[in-house]
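Worksheet: one structure, shown below.
Quick note: the coordinates plus some simple rules give every number you see, no bench work behind them. Not measured: the values here are computed from a predicted model. FYI the Cβ positions are ideal-geometry reconstructions off the backbone, even for glycines, and counts take in every protein chain you see.
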Amino acid sequence: MFTGIITAVGKVIEARSENGGLDLVIEAPYDDLALGESVAVDGACLTVNSVGSGGFSVHLIATSLERTRFRRCRPGFRVNLERALRVGDRLGGHLVQGHVDGVGEVVRVAQQDDARLLDIIAPAEIMGVSIPLGSITVDGVSLTINAIPAASIIQVSLIPFTLQHTTLGERVAGHQVHLEGDTVGKYVAALLREKRER
C-alpha cells in the first residue's frame, strides 16, 4: 500500500528484455532497501530483486508490461519513486495500491496562474470511478481531479511543489502516463455492478 506522495525521483540505468519480461536497474537515493521490498515506480508496485550501491533492480513480467508503458523505458528515463507505507506513517495523499489500471495520454497542458493543468484521456474503467475533486494517481502521484471537461478526459492541477519534486512537470501533450483510479471508488463501483447483475 502507498499514499502517492513521491519520496524520490530515480533514473533508469539499464533496461533489458529477459524471458519475455523486462529487467530495470534504477538509480535511487535509498540506502536501506531490502530484497523483496515493494517500491512504486511511476505508480506500479514492483519488487526489489537486487540492491546495489546507489540503486536497485526490478523485474517486470509480461502481464505488467501489457498494463503499463514500461516497454518504452530506456536508460536515462526518470521515474517517480515511493516506498511502501508503514503502519503509523502519515497518509499524506490517498490510499494507493500500486496497481496501474490503465495508461492515459496527455492531450493538453496549460498554465493557470501558479498551477499547471493537464488534460488526460483516460480509459473507461478509470472514468467510471472518477469524480470532480476525487482522487487519482498519475505516474504514482496522488492528485485531486480538478475537473472532467469531457466524457473521456480527466483534468488535474499541478502545484509548484509537485512540478519541482516529481516528473509530472516534464509531461507534454502526447506523453503517456500511468493511471490508478481511486480505490474506494473501485470497490463501490464493483459492489453496485454486482447488485445490478443480481
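Worth pointing out:
- Leading residue at positive end of dipole, the chain (Cβ point charges), from Asn146, Gln176, Val188: Val188
- For Val107, nonlocal amide neighbours, meaning residues 5 or more places apart or on other chains whose placed amide H falls under 5 Å from its own, are Asp119, Ile120, Ile121, Gly174.
- Gyration tensor verdict on the chain (Cα atoms; rounded if a/c is under 1.5, prolate if a/b is larger than b/c, oblate otherwise): prolate
- Hz values of 3J(HN,Hα) by residue in the stretch 167-183 - Karplus curve (6.51, -1.76, 1.60), Gly and Pro given as x: 8, 5, x, 8, 6, 10, 4, x, 6, 8, 9, 7, 10, 10, x, 4, 4
- Annotation: the residues Thr162, Thr63, sorted from fewest to most other C-beta atoms within 10 Å of their own C-beta, follow the order Thr63, Thr162.
- Whole-Hz Karplus values for the stretch 62-76 come out as 4, 4, 5, 5, 5, 9, 10, 9, 5, 4, 8, 5, 9, x, x Hz, taken residue by residue from phi with 6.51 cos²θ - 1.76 cosθ + 1.60 and θ = phi - 60°; glycine and proline positions read x.
- Sorted by Cβ density within 10 Å, fewest first, the residues Lys186, Lys195: Lys195, Lys186
- Magnitude of the charge dipole, the chain, Cβ model with Lys/Arg +1 and Asp/Glu -1, debye to 20: 380
- Neighbourhood net charge (9 Å Cβ-Cβ; Lys/Arg +1, Asp/Glu -1) for Asp101: 0
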